[in-house]
Amino acid sequence: MWHELWTLAARAARVPRRAHLDHFVATELPIRLCTFQRSRAPAPNSGTTIFALSSGQGRCGIAVIRTSGPASGYALGILTAPRDLPPARKASLRLLSDPRSGEPLDRALVLWFPGPQSFTGEDCVEFHVHGGPAVVSGVLQALGSVPGLRPAEAGEFTRRAFTHGKLNLTEVEGLADLIHAETEAQRRQALRQLDGELGHLYGGWAETLTKALAHVEAYIDFGEDDNLEEGVLEQVDSEVQALEVALRTHLGDARRGQRLRSGAHVVVTGPPNAGRKPVSIVSPEPGTTRDVLETPVDLAGFPVLLSDTAGLREGVGPVEQEGVRRALERLEQADLILAMLDACDLASPSSRNFLDMVVASTGAQNPSKSSQRLLLVLNKSDLLPPGSPSLIPDLPPHLLLSCLTGEGLDRLLEMLRKELVAVCGDPSTGPPLLTRARHQHHLQGCLNSLSHYKESKDLALAAEALRVARGHLTRLTGGGGTEEILNIIFRDFCVGK
């Protein structure tokens, strides 16, 4: 700062006319002094300040450019000179100018967030400029010319928030999931994780182990004295047992949370020509749809990978047989099977064979596939005679649908929503779901260490097992995390976040 003031004073001393010097000292110099004092500008090399476009690329009404670091206030003062810094956390309309040429760039809203009351914990500035490419480019180039500023890397703003204790690691992951959320259910789950529910859960478990470890170590040091309460080790055993139950329950939901994050696999299958909607080149001849058609969809607010398979029958040619083989392979991987049958053709050999092949082999009938769910739909219900009796006495629970008239479609969507809640979990209720393999790894490691604690006959080994178990929990929220793991987590963030 003093170097800059000295430069200003030197320039003023070179003004040839006394009147100009008096005017500079009376008007411009006090404004510059106030700006420098309030911006708390550091020397250019005293710290790194980053900047980036935080809103989306392309033309838009408003684009948000932000900075974070010790030179943020200095950069704001340079681009809006000779005005003072605006009040903290209040939007102010300012003219932005290029500090190199003095050319006006845009009239924008600016917000000043002095640290530590900011997203990153550092001094931050937001420029809400008009979203034309020329305006955005001009402001970014102007910031790049300010000493001590550089473009941000992907995820660097969030990483600084983590470094300064504004977010723990589970909240960082929740923020990443929120940015990438494409469905209502994903948004709800990510927002709960960003709000800290998962971190609080893991933090509470880590605190339980901290107390248990302290009690065991205290017993090791003072167990022969009378200074400890009776039943200390029994209390630790009870707490560890309760934690084991909670961990097993939480780990039991891992598959649901992962499905919610990456999408449940729903497979549509049936005998040939059981449906009516042409999603590929089809003909009345059975077996002409031979490949698996896949598309990601938002189904009742849940992410779904929808696979439409070839009709299941004994193929008469090698190409159709390959299509059926691929269909059966998808059925093995499915979380939910949407089985379609022709309501007017239930007694045919193809329908009966299909029921024996698919319905009888899913979770309700086969314990080895207990995670699979089945929704049986009878299509072409509009062709049934009015008031027709029960179609087949031993038919499993089913829905009637007419793809032609749309009758039964609302009921089908409601049933799909209920099935997906069972498959993916309901992010609106209950404890937060387990959505990442990293969480599952450390929770399983914690559970394994607790098993070693129970098996240990030596108190020193038992204490070490508790210490290892606690280490797994603390690494979930960021304590003791390696640089490599942090790089993996932050690499999926976009630049500007």
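Annotations
- Out of 296, 278, 286, 272, sole residue that is modelled with pLDDT of 70 or more and not hydrophobic (A, V, I, L, M, F, W, C): 296
Yes/no per residue for (1) closer than 30 Å to residue 305 by Cα; (2) open to solvent by 30 Å² or more (accessible area, probe 1.4 Å); (3) in contact (Cβ under 8 Å) with a residue 40 or more places away in the chain:
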position	(1), (2), (3)
131	no, no, yes
140	no, yes, yes
146	no, no, yes
154	yes, yes, yes
166	no, yes, yes
188	yes, yes, yes
192	yes, yes, yes
195	yes, yes, no
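- Hey, residue 76 modelled with pLDDT of 95 or more and more than 19 Å from residue 146 (Cα to Cα) or not: no
- Residues (surrounded by 23 or more Cβ atoms within 10 Å (Cβ to Cβ) and either among the acidic types (Asp, Glu) or touching a strand residue (DSSP E or B) at 6+ places or on another chain (Cβ under 7 Å) (or both)) located in the range 424-449: 424
- Condition met for residue 105 (at pLDDT 95 or above, of a type outside the set (Lys, Arg) and open to solvent by 50 Å² or more (accessible area, probe 1.4 Å)): no
- Residue in the range 357-373 that is more than 43 Å from the chain's Cα centre (by Cα) and either modelled with pLDDT of 75 or more or not hydrophobic (A, V, I, L, M, F, W, C) (or both) present: no
- Here the range 450-467 is the region considered, the condition is being closer than 15 Å to residue 234 by Cα and open to solvent by 90 Å² or more (accessible area, probe 1.4 Å), and the residue that is farthest from the chain's Cα centre (by Cα) is 457.
- Tabulated pairs, the range 397-412, first over 19 Å from residue 374 (Cβ atoms), second in a strand (DSSP E or B) and open to solvent by 20 Å² or more (accessible area, probe 1.4 Å), C-beta under 8 angstrom, 6+ apart or interchain: 407/400
- Members of the range 396-406 that are of a type outside the set (A, V, I, L, M, F, W, C) and either at pLDDT 90 or above or not in a loop (DSSP other than H, G, I, E, B) (or both): none
- Helices (runs of 4 or more DSSP H) wholly inside the range 79-188 containing at least 3 residues that are over 24 Å from the mean Cα position of the chain (by Cα) and not charged (D, E, K, R): 133-144
- Scope the range 197-217; condition farther than 17 Å from residue 434 by Cβ, open to solvent by less than 30 Å² (accessible area, probe 1.4 Å) and not β-branched (Val, Ile, Thr); matching residues: 209, 212, 213
- The residue list 388, 351 contains one member that is part of a helix (DSSP H, G or I) and at pLDDT below 85, which is 351.
The values are calculated or read from the model by the stated rules, or taken from the named source; none is laboratory data. The structure presented is a predicted model; accordingly, all values stated were derived computationally and were not measured. Note that each Cβ is placed from the backbone with ideal geometry, even for glycine, and that neighbours are counted across all protein chains shown. All accessible areas refer to the heavy atoms of the entire protein, side chains included, with ligands and DNA or RNA removed. Shrake-Rupley method; radii C 1.70, N 1.55, O 1.52, S 1.80 Å.
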